[in-house]
Amino acid sequence: MKVLIKQANISGSSSTLQAQVKDILIIDGIIQQIADNISEAANHTITADNLFVSIGWVDCFANFADPGYEHKETMATGAAAAAAGGFTDVMILPNTNPAVSGKSIVEYILQKAASLPVNIHPIAGISKNLEGKELGEMYDMSQSGAVAFSDGSQSIQSPGLLLKALQYVLPVGATIIQVPDDKSISSHGLMNEGIVSTQLGLPGKPAIAEELMIVRDIELLKYTGSRLHITGVSSKKGMELISQAKSEGLQVTCSVTPMHLLFCDDDLKEYDTNLKLNPPLRSAADRAALQDAFRNGLIDCIASHHFPQHWDDKTCEFEYAKNGATSLEAVYGVANQFAKGYHSLIEHMAVLPRKIFGLPLPEIKEGAPAVLTLYVPDTEYIFEEKMIRSKSRNNPFVGKMLKGKVIGIINKNKVTLNK
């Protein structure tokens, strides 16, 4: 199969051709030629005004719900959503049934994902059955292909267990991922504790539930000398704590969700259940602090926190709705609004996630496998429901103005283009 990409602006520090406009010829999944102008018949010729190309993007925190919850998402529909969003690689959560707490489930995921156009990387559970009581088969799961360890949406509450996990991953060089949430504080909170929660009469969850967990986890990281990634940071104070830890030389990284970059608790005044999240949307001041941190590079990457939920679990009273939103198709269109620049954003979406989690770093050069994302960064558009490829529809970005359109991906000798 031949694919010809015409006049694409190459983006990403991993390429010596950054900011150069070139034609790229791909034959049977391998980049054969990069030149100013290539005239060759191809199965796919890709052209677009102001077309950009980079190495494939990576999402480090998505729930594909398989096995066990295929009514919400399947591996195939999750991969379709990821490809539509420009992702060639997705790290998926262990919150399945059975949970990813043994090597057989890791192997099941890798086998089932082998034929998909997106590379699926399992995040294995830290604790057995994600119960937060004792360590799972971490070494065996690492050997079977798990790329990181986390209890996913169930953050580790026991400091002793997390300390053991941080020590346990040192020999294999893996990273622990934590959502900062102290469940002993306002566990029944439905949104951020503040003026808006008071106005709406909803029980709130204060930002200190996040901040205390970040303080604790950083102290455990300091003690062990391990590697920690904090995802879903939602508060200004939480971001300041992570920034301080980075300045001390600790191996701590962090990610923010597109929902927390674009929305705040004011957006819950209409009781939109698609914006019921954990961690919850914080204040407008917190949102502004996250936007600044993202522009300034203090936030290492953007994580989709793609959590599909069945229609019944979102089309109900706010109190009874489950947490989570689907987002993979809209991540770039949100992040692009708050990035320092086109090339800087690719560092956050393609380069840094691979470095943090030890994934292979593709290259845009002759003779290299084509692992590419194609996009037009300046296009503004209204995100529509028909653009959703996820099996679930709990997407809060429908009707919102986004900036930057994904053309498609090339990966595994497959071309997946958005229509």
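Scanning region 181-194 for residues that are at pLDDT 95 or above, of a type outside the set (A, V, I, L, M), in a loop (DSSP other than H, G, I, E, B) and in contact with a Lys or Arg (Cβ under 9 Å, 6 or more places away or on another chain) gives Asp181, Asp182, Gly189, Glu193, Gly194.
Could you list all residues from region 18-38 that are at positive phi and exposed (fewer than 15 other Cβ atoms within 10 Å of the Cβ)? Spell out the reasoning first.
Going residue by residue through region 18-38, those that are at positive phi are 19, 28-29.
Ala19, Asp28, listed by residue number.
Output the residues belonging to region 39-69 that are of a type outside the set (A, V, I, L, M, F, W, C) and either surrounded by 20 or more Cβ atoms within 10 Å (Cβ to Cβ) or in contact (Cβ under 8 Å) with a residue 40 or more places away in the chain (or both).
Of region 39-69, the ones of a type outside the set (A, V, I, L, M, F, W, C) are 39-40, 43-45, 47, 49-50, 54, 56, 59, 63, 66-69.
Scanning region 39-69 gives Asn43, His44, Thr45, Thr47, Asp49, Asn50, Ser54, Gly56, Asp59, Asn63, Asp66, Pro67.
Restricting the first member to region 134-154 and to residues that are in a loop (DSSP other than H, G, I, E, B), and the second to residues that are surrounded by fewer than 19 Cβ atoms within 10 Å (Cβ to Cβ), the beta-carbon pairs closer than 6 Å and six or more apart or on different chains are Glu134/Lys128; Gly136/Lys128; Gly145/Leu110.
Answer yes or no as to whether Thr224 is within 22 Å of Ser186 (Cβ to Cβ) and in the same structural domain as Ile299 (by TED's automatic domain parsing).
Values: within 22 Å of Ser186 (Cβ to Cβ): no; in the same structural domain as Ile299 (by TED's automatic domain parsing): yes.
So Thr224 fails the test.
Contact map, region 299-320: first residue basic (Lys, Arg), second residue surrounded by fewer than 24 Cβ atoms within 10 Å (Cβ to Cβ), Cβ cut-off under 6 Å, separation 6 or more or different chains; pairs are Lys314/Thr273; Lys314/Ala321. Restricting region 1-50 to residues that are of a type in the set (Ser, Thr, Tyr) and in a strand (DSSP E or B), which is nearest to Glu366 (Cα to Cα)? Taking the candidates together, the pick is Ser11. Name the single residue, out of those in region 293-315 being surrounded by fewer than 17 Cβ atoms within 10 Å (Cβ to Cβ) and touching a Lys or Arg at 6+ places or on another chain (Cβ under 9 Å), that is farthest from Ala83 (Cα to Cα). Among them, the one singled out is Asn296. Scanning region 225-282 for residues that are out of contact with any Lys or Arg (no Cβ under 7 Å at 6 or more places or on another chain) and of a type in the set (Ser, Thr, Tyr) yields Ser226, Thr231, Ser243, Ser247, Thr253, Ser255, Thr257, Tyr271.
If I ask for residues that are part of a loop (DSSP other than H, G, I, E, B), of a type outside the set (S, T, N, Q) and buried (at least 21 other Cβ atoms within 10 Å of the Cβ), which ones from region 239-276 would you list? Break it down stepwise before answering.
Quick first cut of region 239-276, residues part of a loop (DSSP other than H, G, I, E, B) only: 248-251, 257, 263-264, 269-272, 276.
From the residues that got through so far, the ones that are of a type outside the set (S, T, N, Q) too are 248-250, 263-264, 269-272, 276.
Result: Phe263, Cys264, Lys276.
Taken as a whole, region 302-321 holds no residue that is over 18 Å from Ser392 (Cα atoms), of a type in the set (Gly, Ala, Ser) and part of a helix (DSSP H, G or I).
Looking at region 70-107, which of its residues are outside any helix (DSSP H, G or I) and either among the polar types (S, T, N, Q) or surrounded by fewer than 19 Cβ atoms within 10 Å (Cβ to Cβ) (or both)?
If we filter region 70-107 for residues that are outside any helix (DSSP H, G or I), which is where we start, we get 70-74, 85-102.
Scanning region 70-107 gives Glu70, His71, Thr74, Thr88, Asn95, Thr96, Asn97, Pro98, Ser101.
For residues in region 115-143 being buried (at least 19 other Cβ atoms within 10 Å of the Cβ) and among the hydroxyl-bearing types (Ser, Thr, Tyr), which is nearest to Val58 (Cα to Cα)? Here the residue is Ser142.
The residues on offer are Glu380, Glu347, and the sole one that is assigned to a strand (DSSP E or B) and either touching a Phe, Trp or Tyr at 6+ places or on another chain (Cβ under 6 Å) or not aromatic (Phe, Trp, Tyr) (or both) is Glu380.
For region 210-234, taking the residues that are touching a residue at least 60 places away in the same chain (Cβ under 8 Å) and assigned to a helix (DSSP H, G or I), the one that is nearest to the chain's Cα centre (by Cα) is identified as Glu210.
The values are calculated or read from the model by the stated rules, or taken from the named source; none is laboratory data. Since the structure is predicted, the reported quantities are computational estimates derived from the model, not experimental observations. Glycine also receives a Cβ, built like all others from the backbone with ideal geometry; neighbour counts cover every protein chain displayed.
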